[in-house]
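Engineer: Encoded as structure tokens, here's the structure I'll be asking about.
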Amino acid sequence: MSGRAQLMWDEAVTGYDFGPGHPMDPVRLALTMRLIESYGLHREVDVVAAKSAGDSTLRLVHRQDYVDAVRRVSAEPGAADGTYGLGTVDDPAFAGMHEASALIAGQSVGAAEAVWRGEALHAVNFTGGLHHAMPGGASGFCVYNDAALAVARLLELGARRVAYVDVDVHHGDGVQAAFWEDPRVLTISLHEHPSTLFPQTGWPQETGADG
């Protein structure tokens, strides 16, 4: 196994753009990469661009009807009416939504594959963490749940147990929902109290289908 870390990066991920005034400004992604380069950190890791997640990968977590809906509004953003959580204040539809979202998801899946196959000891996709997306809908600035997809891909590759640790201030509700009935996955979320912050979930009693 290589002792080097792998950094997933494709400049096209900055296409994940909900528009002017939206707090999820893609400039933060470009600036993060520029900061990495300015410190020379990119020379200490393997910078890799993974392919976009295809439908077969997206279906590991998301329903096909939802993927089809994302693709439709991606081609015609003006047609989004809030169905599937697309075209809302949190998740405005934009041209290329499917492509940008699938590309970000692909980076996290690629990171998981690299570690599983021994190509890297550690791997990171700082463009991801879209942990609110549900199997059948967008939520909280998140279209495809790259974190859940990475976990699902590890299971598909043969992992018997996966521990997912979420340190975002918001509860990782989408990942929890994706594996609620799967005893192979332990989800741990460290977040602000549910009564004070979106998505108002992540209470101590949420321990899975057999909890």
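Engineer: With a probe of 1.4 Å, find how much accessible area the chain has per residue, and write the answer as a whole number in Å². Provide the component values of the computation, followed by the final result.
Structural biologist: Details: 10350 Å² over 211 residues.
Per residue, the chain has an accessible area of 49 Å².
Engineer: Turning to a different aspect of this structure: If you take every residue apart from residue 25 with its C-beta less than 15 Å away from the C-beta of residue 25, what net charge results, scoring Lys and Arg +1 and Asp and Glu -1? Provide the component values of the computation, followed by the final result.
Structural biologist: On the way: positive: 28, 34; negative: 17, 90, 91.
Net of charged neighbours comes to -1.
Engineer: Can you tell me what share of the DSSP beta bridges in the chain is antiparallel? A percent to the nearest 5 is fine.
Structural biologist: Roughly 15 percent of the DSSP beta bridges within the chain come out antiparallel.
Engineer: Under 11 Å from the Cβ of residue 185, count the other residues' Cβ atoms, weight Lys and Arg +1, Asp and Glu -1, and hand me the total.
Structural biologist: +1
Engineer: Going by average Cβ neighbours within 10 Å, how do the peptides 13-23, 83-93, 99-109, 188-198 rank, with the highest at the top?
Structural biologist: Numbers: 13-23: 14.7, 83-93: 19.2, 99-109: 26.2, 188-198: 13.1.
Going from most to least packed, we get 99-109, 83-93, 13-23, 188-198.
Engineer: Further, regarding this structure: Among the helices of the chain (complete DSSP H runs), which have Cα atoms covering no less than 27 Å along the helix axis and a Kyte-Doolittle mean of at least -1.0? Please list the in-between numbers first.
Structural biologist: On the way: long enough: 97-116 (29 Å, 0.62).
What comes out of the filter, once short or polar helices are dropped, is 97-116.
Engineer: What is the extension gain from residue 161 to residue 81, computed as 0.36 nm multiplied by their sequence separation minus the C-alpha to C-alpha distance, in nm to one decimal?
Structural biologist: Full extension of this stretch gives 24.9 nm more.
Engineer: May I ask you to give the percent of accessible area on the chain that is carbon plus sulfur, with a probe radius of 1.4 Å?
Structural biologist: Working: 5720 of 10350 Å².
Whole-percent figure for carbon plus sulfur exposure: 55.
Engineer: For residue 187, which sequence-distant residues (separation of 5 or more, or a different chain) have an amide H within less than 5 Å of its own amide H, given hydrogens modelled in the peptide plane?
Structural biologist: Counting only residues 5 or more places away or on other chains, the set is 164.
Engineer: Full extension from residue 51 to residue 168: what is 0.36 nm times the residue separation minus their Cα-Cα distance, to one decimal in nm? Write down the numbers at each step before the final one.
Structural biologist: Numbers: separation 117, 0.36 × 117 = 42.12 nm, distance 2.58 nm.
Here the answer is 39.5 nm.
Engineer: Any idea what diffusion coefficient the range 61-167 gets from Stokes-Einstein, in µm²/s, Kirkwood Rh on alpha carbon pairs, 10 °C, 1.306 mPa s? Write out the running numbers ahead of the final one.
Structural biologist: Working: Rh = 14.3 Å.
Here the translational diffusion coefficient equals 111 µm²/s.
Engineer: Which of 146, 173, 25 moves most in a GNM of the chain, Cα contacts under 10 Å?
Structural biologist: Comparing 146, 173, 25 in a Gaussian network model of the chain, the most mobile one is 25.
Engineer: Here is a follow-up. Any idea how far the Cα center of the range 90-114 sits from the one of the range 129-158, in Å?
Structural biologist: 10 Å
Engineer: Describe numerically, in nm with one decimal, the distance between label points set 7 Å from Cα along Cα→Cβ at residue 14 and at residue 95.
Structural biologist: That separation, rounded to one decimal, is 1.8 nm.
Engineer: Roughly how many nanometres apart are two label points built 7 Å out from the Cα toward the Cβ at residue 122 and residue 196?
Structural biologist: So the two model labels end up 3.0 nm from each other.
The values are calculated or read from the model by the stated rules, or taken from the named source; none is laboratory data. Everything numeric here is computed off the predicted structure, so don't read it as measured data. Glycine also receives a Cβ, built like all others from the backbone with ideal geometry; neighbour counts cover every protein chain displayed. Areas reflect the complete protein model, heavy atoms only, side chains present, ligands, DNA and RNA absent. Shrake-Rupley method; radii C 1.70, N 1.55, O 1.52, S 1.80 Å.
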